[in-house]
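These notes concern the structure reproduced below.
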Amino acid sequence: MNIVWDREIIALLAGIVGLLVLASAIGWVLAQRVQAESGQAVVANLNARVRAWWIMTAVFTAALATGGIGSVILFGLTSFIALREFITLTPTRRADHRTLFWAFFVFVPVQYWLVATHWYGLFVIFIPVYAFLFVPVRSVLAGDTEDFLARTAKIQWGLMVAVYCVSHAPALLMLDIPGYAGENAKLLLYLIVVVQLSDVLQYVFGKTLGRHKIVPKVSPNKTWEGTIGGIAAATLIGTALWWATPFSPWEAAGIALVVNLAGFAGGLCMSAIKRDRGIKDFGSLIQGHGGVLDRIDSLCFAAPLFFHLVRYLYT
Amino acid sequence: MSEPAIYTPPPRSRTADLAAGVLVALTRLVTGAQARWVGPAPGPEATQRVYFANHSSHLDALVLWAALPSDLRRRTRPVAAADYWDRPGLRGWISRELLNAVLVDRGSAQGGREALARLSSALAAGASLILFPEGTRGDGVTIGDLKPGLYFVAKERPDLDLVPVYLQNLCRILPKGEILPVPLLGSSTFGPPLRLEPGEGRRTFLDRARNALIALGGQP
């Protein structure tokens, strides 16, 4: 699909670059000012995060610039790596080997091929129906019944979270919205900006104002102050960006709120998995952030909701 | 004891050089293998060492080899089973030209003696070695008893650092009996080196070496 580079998408991208310049400047000043050793570690991590944001923004924009196919490939690779991180930390058994091979080399490519060819009908059921039924069948043929249900569920959940849910982000490009033809890239950008800013703002509010923990057993860093402040601020930003979307300002507020709540839920559920496995991060690919799955945990839950809200209300 | 020899690897064609680079990149990509140095990280000097690791997959030798810094890698020879690696075609070419492997017969007592002779001549030439002292691939969970080969090496060269390396997840990436790998994330953890203590017996030493692998993440 062709992407129209109108003033609005340029404005969105310019806004992101502006934010990153600001973040880099703040990071630079903090690096000069902060003397205490513990503070320096926080600042170093902050600056690593900002650098990683620059790289992620550059990659994402480059993918967007190639038109739809670049974004589909980028999200496909993201899913592949996220699934890799998920399965690595989820114990499977020898008998699951071939099932996993199917998951990585058949289900991931097919799901994104369905996105690329705009085959909506199969896209929404391919993993929840066909892959879900195939996974236990392939594993049972290997003849190992130990932990059978748990093993099956782990692979299914990996496919669901890392592949199916994430694929709804580039699937925004397949929607036919009257009066918005060729402009869908802005919806994708809008979703990513709102979800990721919500993460960043929850982190910032949490670090500065956080007092009361929400679920200390799951995630000691999530506080009521940080979560409410971050979600409220990200919802305001989502509302203020209504001009880039087919939404009215009030609609944008409602949709941004839903997306941010879903993102929060995603972060919490993925934290629970990490806590259960006794790890802090899913990987170490992105400097300062952890793994790919650590970065996109909120997107996993937000993307399908956003996709279906837009599809139901605007197409 | 004579001056330690500096190992000169056999000359390699440009094609083989390039292929070795591709193999390293491919191995790192497929196994996502990260090298972690719990013990002292290797310095710039290519010190002769013996790396010994747990064994659960045909990928093991390749992954450990690829995890080494390039100047060390060129001077490090995996000790590999001839029955698997000494085959005509691609596998044989990789083991001879790219890995520069020391191929040994396992099994027969006679083969064992010849294998040890090959190890000592490689060590005498100054090469570093990669050993899998369990001898055969384990189940990937527990670490089996170590074969005496490591002890003979330690006894012959008490001046060398023996570096324990724990390879994780490779048995999930390419288990026994499978041909196609599943690209999970593996890792190689290099532990603090050990040496044969004066007067240390075979059993004690091999247990200590096995415990070093367990300390890096293996299960007893």
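The values are calculated or read from the model by the stated rules, or taken from the named source; none is laboratory data. This structure is a prediction, so every number in the text was calculated from the model and none was measured. Cβ atoms come from the backbone with ideal geometry, glycine included; neighbour counts cover every protein chain shown.
List of remarks:
- When residues of region A:88-115 are limited to those that are of a type in the set (A, V, I, L, M, F, W, C) and either modelled with pLDDT under 95 or not in a helix (DSSP H, G or I) (or both), the one farthest from B:Gly140 (Cα to Cα): A:Leu89
- The residue that is nearest to A:Leu293 (Cα to Cα), among those in region B:181-213 that are surrounded by fewer than 18 Cβ atoms within 10 Å (Cβ to Cβ) and polar (S, T, N, Q), is B:Asn211.
- Residue within region B:151-171 that is in a loop (DSSP other than H, G, I, E, B), charged (D, E, K, R), within 14 Å of chain A (Cβ to nearest Cβ) and surrounded by fewer than 20 Cβ atoms within 10 Å (Cβ to Cβ) present: no
- Filter result for A:Ala44 (surrounded by 12 or more Cβ atoms within 10 Å (Cβ to Cβ), small (Gly, Ala, Ser) and under 21 Å from A:Ile286 (Cβ atoms)): yes
Quick grid of which residues meet (1) within 23 Å of the chain's Cα centre (by Cα); (2) in contact (Cβ under 8 Å) with a residue 12 or more places away in the chain; (3) more than 14 Å from chain B (Cβ to nearest Cβ):
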position: A:Gln40; (1), (2), (3): no, no, yes
position: A:Gly70; (1), (2), (3): yes, no, yes
position: A:Asp96; (1), (2), (3): no, yes, no
position: A:Phe105; (1), (2), (3): yes, no, no
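- The residues on offer are A:Phe75, A:Phe132, and the sole one that is surrounded by 21 or more Cβ atoms within 10 Å (Cβ to Cβ), part of a helix (DSSP H, G or I) and away from every other protein chain (no Cβ under 14 Å) is A:Phe75.
- Residue within region B:124-140 that is out of contact with any His (no Cβ under 6 Å at 6 or more places or on another chain), charged (D, E, K, R) and either in a helix (DSSP H, G or I) or free of Cβ contacts under 8 Å to residues at least 24 places away in the same chain (or both) present: no
One line per residue, one yes/no per condition, for (1) at pLDDT below 95; (2) surrounded by 17 or more Cβ atoms within 10 Å (Cβ to Cβ):
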residue: A:Thr208; (1), (2): yes, no
residue: A:His212; (1), (2): yes, no
residue: A:Ser219; (1), (2): yes, yes
residue: A:Val258; (1), (2): no, no
residue: A:Ala262; (1), (2): no, yes
residue: A:Gly278; (1), (2): yes, no
residue: A:Gly290; (1), (2): yes, yes
residue: A:Arg295; (1), (2): yes, yes
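- Only residues that are touching a strand residue (DSSP E or B) at 6+ places or on another chain (Cβ under 9 Å), within 14 Å of another protein chain (Cβ to nearest Cβ), within 20 Å of B:Phe132 (Cβ to Cβ) and part of a loop (DSSP other than H, G, I, E, B) were counted in region B:176-201, giving 1.
- Pick from region B:25-39, criterion within 14 Å of chain A (Cβ to nearest Cβ) and part of a loop (DSSP other than H, G, I, E, B), ranking: modelled with the highest pLDDT: B:Gly32
- Number of positions in region A:81-94 that are touching a helix residue (DSSP H, G or I) at 6+ places or on another chain (Cβ under 7 Å), at the interface with chain B (Cβ under 8 Å from one of its Cβ atoms) and not β-branched (Val, Ile, Thr): 1
- A:Ala233 being modelled with pLDDT of 95 or more and of a type in the set (Gly, Ala, Ser): yes
- Among the residues of region B:141-150, none is identified as part of a helix (DSSP H, G or I) and in contact with an Asp or Glu (Cβ under 8 Å, 6 or more places away or on another chain).
Okay, residues lined up against (1) closer than 22 Å to B:Tyr84 by Cβ; (2) among the small types (Gly, Ala, Ser):
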| residue | (1), (2) |
| --- | --- |
| B:Glu114 | yes, no |
| B:Lys147 | yes, no |
| B:Leu160 | no, no |
| B:Gly186 | yes, yes |
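- Residue in region B:202-219 that is within 14 Å of chain A (Cβ to nearest Cβ) and in a strand (DSSP E or B) present: yes
- Residue within region A:230-244 that is in contact with a Gly (Cβ under 8 Å, 6 or more places away or on another chain), touching a residue at least 24 places away in the same chain (Cβ under 8 Å), assigned to a helix (DSSP H, G or I) and crowded, with 19+ Cβ neighbours inside 10 Å present: yes
- Residues satisfying the stated conditions in region A:9-41, i.e. surrounded by 14 or more Cβ atoms within 10 Å (Cβ to Cβ) and more than 18 Å from A:Ile192 (Cβ to Cβ): A:Ser24, A:Ile26, A:Gly27, A:Leu30, A:Val34
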